[in-house]
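**Student:** Sharing a structure here in structure tokens format.
Since every read-out is calculated from the coordinates, none of them should be taken as a lab result. Since we're looking at a predicted model, the values are computed, not measured. Note that we place each Cβ from the backbone using ideal geometry, even for glycine, and neighbour counts take in every protein chain shown.
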Amino acid sequence: MDEKKYWVGFNLIKGIGAVRLQGLIAYFGDLGSAWSADPARLAEAGLGGKVIERVLAARQKMDLDQVWAKIEAQGIKILTWQDEAYPSRLKEIDQPPPVMYIRGDYLPDDLFAVAIVGTRRVTPYGRQITEELASFLASNGITVVSGLARGVDAVAHQTALKAGGRSIAILGSGVDKIYPPEHQKMAEQMMERGAVMSDYAPGTPPDASNFPPRNRIISGLSLAVVVVEAGETSGALITAEFAAEQGREIFAVPGSILAPQSKGTNKLIQKGAQPLLTVNDLMQALDFSRIGEHKAARKVIPTDETEARLMDVLGDEPLHVDEIRNQADLPIEKVSATLALMELKGMVRQVGGMNYVAVREEQAEYKAKE
């Protein structure tokens, strides 16, 4: 059974967040051992009496195998801190969520993302700006992140998808509890070309208290946060606050000083947010030309130790897969699977008879980066 079931188990226990979970891992080495530990050892690991009681109660009433089977049956994927695929940008924030539940796919290129957030009561002005911005980002290969709420969020998601781009929604509920319900179809479209994600376990209802904390994930996944329209008490301002704490770029769309939906954005600008006057402001701040270069480099630079070893072995002269295996000193199954992936990335080419060469231009770029 997957070790991740223990991550899910602890994630379902109130009072065990990022700090306590890190303490359990540091003490026990893995969460499977922590799950079966006696109360005395849990106390030594730093848990208080009430939390230990909750752990013991959870063990009694929770069948982790059943919980895991239900998650798998729903097509929900799980990423933890320990997974290479866990969003690297999210790892940078203070106390990143230990577990992320995903319907759809979080891809390496989603590292290049911009959040667009704002009021639920979007005006025609706000809608126009959101559409122009989301369309521009999607057309330039930038993933659009938002919260699936009515108003600005929905317009941002819809426009990005319509433009053929990727979009990610961060929920204040479990990924099996789409809210608002009228956005179910849009969420399903995102699962095809993006993802619906949450740090709340499946089955968690969309409680009002869940939404402010999830905003740290919206900003945490993004290079920048753009607030299009926001009243003085808008949740979008909370996202901007998290963005500031996380060192993200913050943009706000200026509006009439008489418009309620612009009071929040105008105040953000007054406090130091960058005014977004044209999409070029965002383009210059994020240096879109460099983003393109970074994306290209990600496809040719080895992403793990196995790829790096194979790139060291391969050159311009064809090598048979058996010789590659011998020189790399790796199991043939791992070599074959990795070569297939590297071929898709354009790093290597099969030249017939299970012989491979490194693609010369990429090989040169790889060596230059060493």
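**Student:** Among 56-68, 123-135, 74-86, what's the highest-first ranking by average C-beta atoms within 10 angstrom per residue?
**Tutor:** Values: 56-68: 12.9, 123-135: 19.5, 74-86: 15.9.
Sorting 56-68, 123-135, 74-86 by mean packing, highest first, produces 123-135, 74-86, 56-68.
**Student:** Ok, one more. Give the Rg/Rh ratio for the chain, taking Rg as the radius of gyration of the Cα atoms and Rh as the Kirkwood radius, to two decimals.
**Tutor:** Across the chain, the Cα-based Rg/Rh ratio is 1.02.
**Student:** Calculated from DSSP H runs of 4 or more alone, at -39500 (n - 2.57) each and per residue, what is the 222 nm mean residue ellipticity of the chain, nearest 500?
**Tutor:** -14500 deg cm²/dmol
**Student:** Still on this structure: Which translational diffusion coefficient, to the nearest whole µm²/s, is obtained for the range 124-176 from the Stokes-Einstein equation, given a Kirkwood hydrodynamic radius over C-alpha pairs, 37 °C and 0.692 mPa s?
**Tutor:** For these conditions, the coefficient is 300 µm²/s.
**Student:** Compute the distance in nm between two label points, each set 7 Å from the Cα along the Cα-to-Cβ direction, one at ALA285 and one at TYR125.
**Tutor:** Here the answer is 1.9 nm between the modelled labels.
**Student:** Longer than 20 Å from Cα to Cα, which of LYS4/LYS345; LYS4/LYS50; LYS14/LYS50; LYS5/LYS61; LYS77/LYS334 are they? Say none if no pair is.
**Tutor:** On the way: LYS4/LYS345 29 Å; LYS4/LYS50 24 Å; LYS14/LYS50 10 Å; LYS5/LYS61 15 Å; LYS77/LYS334 23 Å.
Cα-Cα > 20 Å for LYS4/LYS345; LYS4/LYS50; LYS77/LYS334; rest within.
**Student:** Right, next: Fully extended, how many nm does the chain gain between GLN82 and GLN350 (0.36 nm per residue separation, minus their Cα-Cα distance)?
**Tutor:** Length difference between fully extended and current span is 93.2 nm.
**Student:** Relative contact order (percent) for the range 1-73, with alpha-carbon contacts under 8 angstrom and 6 or more residues of separation?
**Tutor:** 39 percent
**Student:** For the chain, what is the relative contact order in percent, using Cα pairs closer than 8 Å and at least 6 residues apart in sequence?
**Tutor:** 12 percent
**Student:** What are the ³J(HN,Hα) couplings of the range 16-27, residue after residue, when phi is run through the Karplus curve with 6.51, -1.76, 1.60 and θ = phi - 60°? Round to Hz, x for glycine and proline.
**Tutor:** Per-residue couplings from phi come out as 10, x, 4, 5, 5, 5, 4, x, 5, 5, 5, 7 Hz.
**Student:** If you put +1 on each Lys and Arg Cβ and -1 on each Asp and Glu Cβ, how big is the dipole of the range 103-287 around its Cα centre, in Debye rounded to 20?
**Tutor:** In total the dipole reaches around 400 debye.
**Student:** Taking the alpha-carbon centroid of each part, what is the distance from the range 1-79 to the range 229-280 in angstrom?
**Tutor:** Computed from Cα coordinates, the inter-centre distance equals 39 Å.
**Student:** In addition: How many percent of DSSP beta bridges within the range 103-287 run antiparallel, rounded to 5?
**Tutor:** 10 percent
**Student:** Using 1/(1 + (r/R0)^6) with R0 = 25 angstrom and r between the beta carbons of ASP207 and VAL19, what's the FRET efficiency to the nearest 0.05? Before the final figure, lay out the partial values.
**Tutor:** Values: r = 22 Å, r/R0 = 0.90.
FRET efficiency, ASP207 to VAL19: 0.65.
**Student:** Can I ask one more? Between ALA69 and ASP329, how high is the FRET efficiency from 1/(1 + (r/R0)^6) when r is the Cβ-Cβ distance and R₀ = 45 Å? Nearest 0.05. Present the calculation step by step, with values, prior to reporting the outcome.
**Tutor:** On the way: r = 38 Å, r/R0 = 0.85.
So, using R0 = 45 Å, E works out to roughly 0.75.
**Student:** Can you tell me the Rg and the Dmax, both Å, for the Cα atoms in the range 103-287?
**Tutor:** Gyration radius and largest Cα-Cα distance of the range 103-287: 14.7, 42 Å.
**Student:** Now, a different point. How big is the Rg/Rh ratio for the range 1-73, C-alpha atoms only, Rh by Kirkwood, two decimals?
**Tutor:** Taking Rh as the inverse mean 1/r over Cα pairs, Rg/Rh reads 0.94.
**Student:** Using per-residue counts of other Cβ atoms within 10 Å, averaged over each peptide, order 110-122, 138-150 from highest down.
**Tutor:** 110-122, 138-150
**Student:** PRE reach from ASP2 (point 7 Å along Cα→Cβ): which of the range 173-203 fall under 19 Å by backbone N?
**Tutor:** 174-177, 191-192, 194-203
**Student:** Using the Cα centre as the reference, give the magnitude of the dipole from point charges on the C-beta atoms of the range 83-126 (Lys, Arg: +1; Asp, Glu: -1; all else neutral), rounded to the nearest 20 debye. The partial results should precede the final answer.
**Tutor:** Details: 5 positive and 7 negative charges, 88 e Å.
Here the size comes out at about 420 debye.
**Student:** Rounded to the nearest 20 debye, what is the charge dipole size of the chain about its Cα centre when +1 sits on each Lys and Arg Cβ and -1 on each Asp and Glu Cβ?
**Tutor:** Its charge dipole is roughly 1460 debye.
**Student:** What FRET efficiency comes out for the pair ALA26/GLU53, r = Cβ-Cβ distance, R0 = 25 Å, nearest 0.05?
**Tutor:** The calculated FRET efficiency here is 0.70.
**Student:** OK, next. Would you be so kind as to identify which of HIS320, TYR179, VAL145 lies farthest towards the positive end of the dipole of the chain, taking Lys and Arg as +1 and Asp and Glu as -1 on Cβ and the Cα centre as origin?
**Tutor:** The residue sitting most towards the positive pole is TYR179.
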